[in-house]
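Undergrad: Encoded as C-alpha cells, here's the structure I'll be asking about.
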Amino acid sequence: MLLQMLVGTAMLTVTIGIGAFAIILCARVLDASIAARAGSIGLMVHTVTVTLVTSTLALVLVAIMALWAGLFLALGIFEGFEPSLYIAMISATTLGYGDVTMPDDWRLLAGFIATDGFILFGLDTAFLFEVMRRLGEPSEVELGGLEL
C-alpha cells in the first residue's frame, strides 16, 4: 500500500505541475496576442481564441493520461498501451465503467488518477472562465498575471 501511495503522489505532483505549466503558458501567449490586437478583437477572434485554448488544454489532459498509461506499462499492470490509456481516461473522468479494473495490488492508483482528473479539469475550467471574462474586457490584457 505504501508503494501505491508514493507512486500515486509522485505522479499526481508531476501531472498537476504539467497542467499548471500549460495554463501559465497559455496565459502568457494570450497576453501577447490580446495586447497585439487591443481594441480590435471581434466575436470571431474571441471564438477562435477560446477554441484554441480549450483544444490545447484538452490535448495536455490527453498527454497526461498517456503518462499514466506509460506508468501502468512500466509497472507491468497492463499488457498494452490501449487498455492502460483506457483505464487512465475512465478513471480521470470518474466515468469508471468497471469493464477494466486495476489489479488489487495497484488499485489505489485509480483514486489518484480520479483526483488528478478532478483537479486538472477544475483548473482548466477556472482558467477558461477567466479567459472568457478577460476577453469581454478589452481594456484588461494581463492574463499571465492571474493569481492562481
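The values are calculated or read from the model by the stated rules, or taken from the named source; none is laboratory data. Keep in mind it's a predicted model, so treat the numbers as computed, not measured. For neighbour counting, all protein chains shown are included, and Cβ atoms are generated from backbone atoms with ideal geometry for every residue, glycine included.
Undergrad: Among the residues of segment 39-61, write down those that are loosely packed, with under 14 Cβ neighbours inside 10 Å and closer than 22 Å to Ile16 by Cβ.
TA: Result: Ser55, Ala58, Leu59.
Undergrad: Right, another one. Which of the residues that make up segment 63-115 are in a helix (DSSP H, G or I) and touching a Ser or Thr at 6+ places or on another chain (Cβ under 6 Å)?
TA: Ile64, Ala69, Phe72, Leu73, Ala110, Ile113, Ala114
Undergrad: If you don't mind, there's one more thing I want to ask. Of the residues that make up segment 15-30, is at least one modelled with pLDDT under 85 and over 22 Å from Ile113 (Cβ atoms)? Talk me through it step by step, then tell me what you get.
TA: Keep residues of segment 15-30 that are modelled with pLDDT under 85, which gives 29-30.
Those left that are additionally over 22 Å from Ile113 (Cβ atoms): 29-30.
Yes - at least one qualifying residue is present in segment 15-30.
Undergrad: Is there a residue in segment 63-70 that is of a type in the set (Gly, Ala, Ser), closer than 19 Å to Leu128 by Cβ and over 18 Å from the mean Cα position of the chain (by Cα)? Full working, then the answer.
TA: Residues of segment 63-70 that are of a type in the set (Gly, Ala, Ser), as a first pass: 63, 66, 69-70.
Among the residues that remain, those that are also closer than 19 Å to Leu128 by Cβ are: 63.
Checking which are over 18 Å from the mean Cα position of the chain (by Cα) leaves us with none.
Within segment 63-70, not a single residue is of a type in the set (Gly, Ala, Ser), closer than 19 Å to Leu128 by Cβ and over 18 Å from the mean Cα position of the chain (by Cα).
Undergrad: Out of segment 116-134, which residues are crowded, with 18+ Cβ neighbours inside 10 Å and not basic (Lys, Arg)?
TA: Within segment 116-134, Asp116, Gly117, Leu120, Asp124, Phe127, Val131 qualify.
Yes/no per residue for (1) at pLDDT 95 or above; (2) touching a Leu at 6+ places or on another chain (Cβ under 6 Å); (3) farther than 25 Å from Leu2 by Cβ:
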| residue | (1), (2), (3) |
| --- | --- |
| Phe81 | yes, no, yes |
| Leu85 | yes, no, yes |
| Ala92 | no, no, no |
| Tyr97 | no, no, yes |
| Thr101 | no, no, no |
| Asp104 | no, no, no |
| Arg107 | no, no, no |
| Gly111 | no, no, no |
| Leu123 | yes, no, yes |
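Undergrad: Return yes when Ala10 is aliphatic (A, V, I, L, M), farther than 24 Å from Glu130 by Cα, modelled with pLDDT of 95 or more and more than 15 Å from the chain's Cα centre (by Cα) and no when it is not.
TA: yes
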